[in-house]
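Colleague: Submitted below is the structure of interest, expressed as C-alpha cells.
Each reported figure results from applying straightforward, stated rules to the coordinates on display, with no laboratory input. Nothing here was measured: the structure is a model prediction, and the numbers come from that model. Here the Cβ is made from the backbone with ideal geometry for all residues, glycine too, and neighbour counts use every protein chain on show.
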Amino acid sequence: MTLKKLGILQSLFIAALVVSNIIASKVVLVGGLVVPAAIIVYPFTFLVTDIIGELYGKQEANRTVWYGFLASVFAMVIIYAGMLLPVAPFMTEKQTAYEVLLGPNRRIVLASLAAYVCSQQHDVWAFHFLRRLTGGRFKWLRNNVSTIVSQLVDTVIFISLAFWGTVPDLEKMIVGQYLVKVLIALLDTPIFYLCTLQRSRHERIGYGKQAV
C-alpha cells in the first residue's frame, strides 16, 4: 500500500509538471494579474514533493524531482518530433495550429526546466532543513516557508527566461505570478496536513535515517 501511494503521488507530480509546460505559453489574466496559464497546476508539484518528503524522506523526494525532469525532457522531444512529421494534405491548417500552440513550447520548457531544477531542489532541501531544525514539529512552517521561498526562485528564473522580449512589464508578471503562487501555497496547507496525517508505522521515517 505504501509503494502504491508513492506511485500515485509521483504519477500526479509528473502529470502536473508536463501539463504545466504545455500550457505555460498561454498568458492569462487572473484578478487583474498577468500570469502564465500553468499557474493553475504547477504549484501543485511543490505540494506533492512536500508530501513525499514528509512520508518517504528526502531521498525519495529528490528522486521524484529527477523523474519529473526526465519526463519533461522526453515530452519536449516527442512534441518536437510530432511537429517534424509530414502532415496529411487535408490537415495542413491544423498543422499550423499545432505549431502556433506548441512551437513556443521549446523555449517555455527550457525555461521551465532551469527554474524547475533550481526551485525544486531548493524546496526539498529547505523542507528537510526546517524539519530537522524544528525536530519534526510545525509541519505548517516547513510546508509553507520551503514552498514560498522556492516559488520565488522558480518565478524569477522562469518568467525571465521564458518571456524576456515578448511580454511588456516583465516585473509585473513576476510579481503577479508570485503573489498567486503564495496564495495557493497557503491554501494547500490543509491538504498537506490531510495527506500526511494518517501515516502508517512503515511510512514514518526517522530523522536519523534521512539523507542530509
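Colleague: Through the Karplus equation 6.51 cos²θ - 1.76 cosθ + 1.60, θ set to phi - 60°, convert the phi angles of region 124-140 into ³J(HN,Hα) values in whole Hz; use x for Gly and Pro.
Modeller: Listing the rounded values in order: 5, 4, 5, 4, 7, 5, 5, 5, 5, 4, 9, x, x, 8, 6, 4, 4 Hz.
Colleague: While we're looking at this one, here's another question. Rounded to whole Hz and in sequence order, give me ³J(HN,Hα) for region 41-57 from the Karplus expression 6.51 cos²θ - 1.76 cosθ + 1.60, θ = phi - 60°, writing x for Gly and Pro.
Modeller: 10, 4, x, 4, 5, 5, 4, 5, 5, 5, 5, 4, x, 5, 8, 10, x
Colleague: Using a 7 Å offset from Cα along Cα-Cβ at Val27, what residues in region 79-120 end up with backbone N under 15 Å from the label point?
Modeller: 104-105, 108
Colleague: Near Lys181, which lysines are there with a Cα under 27 Å away, not counting those fewer than 8 places off in the same chain?
Modeller: Excluding near neighbours in sequence, the set is Lys5, Lys26, Lys58, Lys139, Lys172.
Colleague: Given the -39500 (n - 2.57) contribution per DSSP H run of 4+ residues, what per-residue ellipticity at 222 nm results for the chain, rounded to the nearest 500 deg cm²/dmol?
Modeller: Using -39500 (n - 2.57) per qualifying helix, the result is -25000 deg cm²/dmol.
Colleague: Taking 37 °C and 0.692 mPa s as the conditions, I'd like the Stokes-Einstein D for the chain in µm²/s, using the Kirkwood hydrodynamic radius from alpha carbon pairs.
Modeller: Values: Rh = 18.1 Å.
Answer from the Stokes-Einstein relation: 181 µm²/s.
Colleague: What are the ³J(HN,Hα) values, in whole Hz, obtained from phi via the Karplus relation 6.51 cos²θ - 1.76 cosθ + 1.60 with θ = phi - 60°, for each residue of region 86-97 in sequence order, with x given for Gly and Pro?
Modeller: Whole-Hz 3J(HN,Hα) from phi for region 86-97: x, 8, 5, x, 7, 10, 4, 5, 6, 5, 4, 5.
Colleague: Beta carbons within 10 angstrom, averaged per residue: use that to sort the peptides 47-56, 30-39, 107-116, highest first. All intermediate terms of the calculation are to be shown ahead of the outcome.
Modeller: Values: 47-56: 24.3, 30-39: 17.3, 107-116: 20.8.
So the order, starting with the most tightly packed, is 47-56, 107-116, 30-39.
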